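The values are calculated or read from the model by the stated rules, or taken from the named source; none is laboratory data. This one's a predicted model, so the numbers in the text were calculated from it and none came from an experiment. As a convention, Cβ positions derive from the backbone with ideal geometry for all residues, glycine included, and neighbour counts pool all protein chains shown.
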Amino acid sequence: MNKILITGGSGLLGSNIAKLASSNFKVYTTYNKNRVSMKDVYFFQIDITKKEQLIKIEQIKPELIIHCAALTNVGYCEEHPTEAYNQNVLASINIAEIAKKIGAYLIHISTDSVFDGTKGNYREGDIPSPINIYGRTKLEAEQRVSSIHTHSCIIRTNIYGWNKRDKFSLAEWMLNKLTNNEELPALKDIYFSPILVNYLVDILFKLQEKKNEGIIHIAGSETCTKLEFAYMISEVFNFDKSLIKPVSIHELGLKAPRGLDTSLNVSKAEKILKKHLPRVKEGLKKMKKLYEEGYVEELKHG
Ligand SMILES: NC(=O)c1ccc[n+]([C@@H]2O[C@H](COP(=O)([O-])OP(=O)(O)OC[C@H]3O[C@@H](n4cnc5c(N)ncnc54)[C@H](OP(=O)(O)O)[C@@H]3O)[C@@H](O)[C@H]2O)c1
């Protein structure tokens, strides 16, 4: 059985990859500040900004590394640029160097925030122009990784789904508000093309079989505003949509600027995978089904 090493196993994407990989791989997963565990997965603590700690990965010698760890809080990155640089750029350099050293295929996870959001429907060849520290550090990470280790693939995405830890993805935050009968402010002027994390994981497994190199956009095949996303959630999960209040990004006074439309064009991925990527409502229906089937309980406590 091939060995897979996932960084950021306590995070949204990493924990879902770890859970879904265990039937096909021997799974090794890192966490840093938030200790987690999972059946059939070997979790270990490592700070990947500290090069000397990566010896553990060298000893495991995985054939595949999926690098999910990052500092993802956009507002926090803006106020802590050095920390953002270390965790998003330096850590990625460390992972790329170790992947090269041990000859592992590397899937590096990036973001739609590398674009400025002025046009939307971004293709892989469009020139990135990030407008906040998070986006800038993620873009620099992409560039450094691909120059260090060419046997790698950069995945730009935007995700939602069920978290292992008690923290909320966008969809979980919206569901929590609706469940508690609280008013849900939703942005009417921010467009994105999110994909359910479970769908992304399936696609990552397919891409690792093909060993694609270069940049690939993996997102939903549909663009919507965050307000439309909230309405779709209320419809799929049967909540009262009158709790949803349209707001503008300009009313929020956020710490970091946000692109207005960072939606990703997924034609390249659809061509590689020979299938259409899911629309938003399809992902939300699957998210509900996962809950009903006990997936969330297993992810959190299994
Ligand atoms: N969530 C989204 O909407 C979204 C959108 C676009 C792109 N992405 C990208 O997708 C990837 C995964 O995002 P996510 O939402 O799953 O992230 P997340 O839930 O915020 O988790 C981040 C993970 O990174 C780990 N980490 C951070 N600094 C570390 C360090 N120095 N050493 C080791 N581990 C460290 C954290 O470990 P501890 O918690 O244990 O410290 C945690 O497991 C990231 O590359 C992100 O940029 C996410």
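A few notes on this one:
- Restricting region 120-176 to residues that are more than 13 Å from the chain's Cα centre (by Cα) and among the basic types (Lys, Arg), the residue that is nearest to Thr49 (Cα to Cα): Arg144
- Residues satisfying the criterion are absent from region 230-240 (criterion: touching a residue at least 60 places away in the same chain (Cβ under 8 Å), within 21 Å of the chain's Cα centre (by Cα) and not in a helix (DSSP H, G or I)).
- Inspection of region 185-208 identifies at least one residue that is under 16 Å from Leu13 (Cβ atoms), at pLDDT 95 or above, of a type in the set (S, T, N, Q) and within 13 Å of the chain's Cα centre (by Cα).
- Restricting Thr137, Thr111 to those that are at pLDDT 95 or above, among the hydroxyl-bearing types (Ser, Thr, Tyr) and in contact with a strand residue (DSSP E or B) (Cβ under 8 Å, 6 or more places away or on another chain) reduces the list to Thr111.
- In region 111-129, of all residues being within 16 Å of Gly259 (Cα to Cα) and free of Cβ contacts under 8 Å to residues at least 60 places away in the same chain, the one that is farthest from the ligand (Cβ to nearest atom) corresponds to Ile127.
- Yes/no for Ser15 being of a type outside the set (Asp, Glu) and farther than 22 Å from Ile155 by Cβ: no
- Restricting attention to region 184-229 and to residues that are touching a residue at least 40 places away in the same chain (Cβ under 8 Å) and among the polar types (S, T, N, Q), the residue that is nearest to the ligand (Cβ to nearest atom) turns out to be Ser193.
- Conditions (1) crowded, with 21+ Cβ neighbours inside 10 Å; (2) at pLDDT below 95: number failed by Asp166: (1)
- Unique match (being touching a Phe, Trp or Tyr at 6+ places or on another chain (Cβ under 6 Å) and either within 28 Å of Val41 (Cα to Cα) or of a type in the set (S, T, N, Q) (or both)) among Ile102, Ile95, Ile60: Ile60
- Tally, over region 107-130, of residues that are part of a loop (DSSP other than H, G, I, E, B), hydrophobic (A, V, I, L, M, F, W, C) and surrounded by 22 or more Cβ atoms within 10 Å (Cβ to Cβ): 1
- Looking only at region 58-95, residues that are more than 12 Å from the ligand (Cβ to nearest atom), crowded, with 22+ Cβ neighbours inside 10 Å and within 18 Å of the chain's Cα centre (by Cα) come to 1 in all.
- Region 24-42, residues that are near the ligand (Cβ under 10 Å from one of its atoms) and under 14 Å from Leu299 (Cβ atoms): Thr29, Val36
- Of the residues examined, Ile4 is one that is touching a residue at least 60 places away in the same chain (Cβ under 8 Å), touching a strand residue (DSSP E or B) at 6+ places or on another chain (Cβ under 6 Å) and either away from the ligand (no atom under 11 Å from the Cβ) or among the charged types (D, E, K, R) (or both).
- Which listed residue is among the charged types (D, E, K, R), without any contact (Cβ under 8 Å) to a residue 24 or more places away in the chain and more than 21 Å from Ile154 (Cβ to Cβ), from Glu78, Glu52: Glu52
- Residue check, Lys281 within 21 Å of the chain's Cα centre (by Cα), farther than 30 Å from Ala99 by Cα and either aromatic (Phe, Trp, Tyr) or surrounded by fewer than 20 Cβ atoms within 10 Å (Cβ to Cβ) (or both): yes
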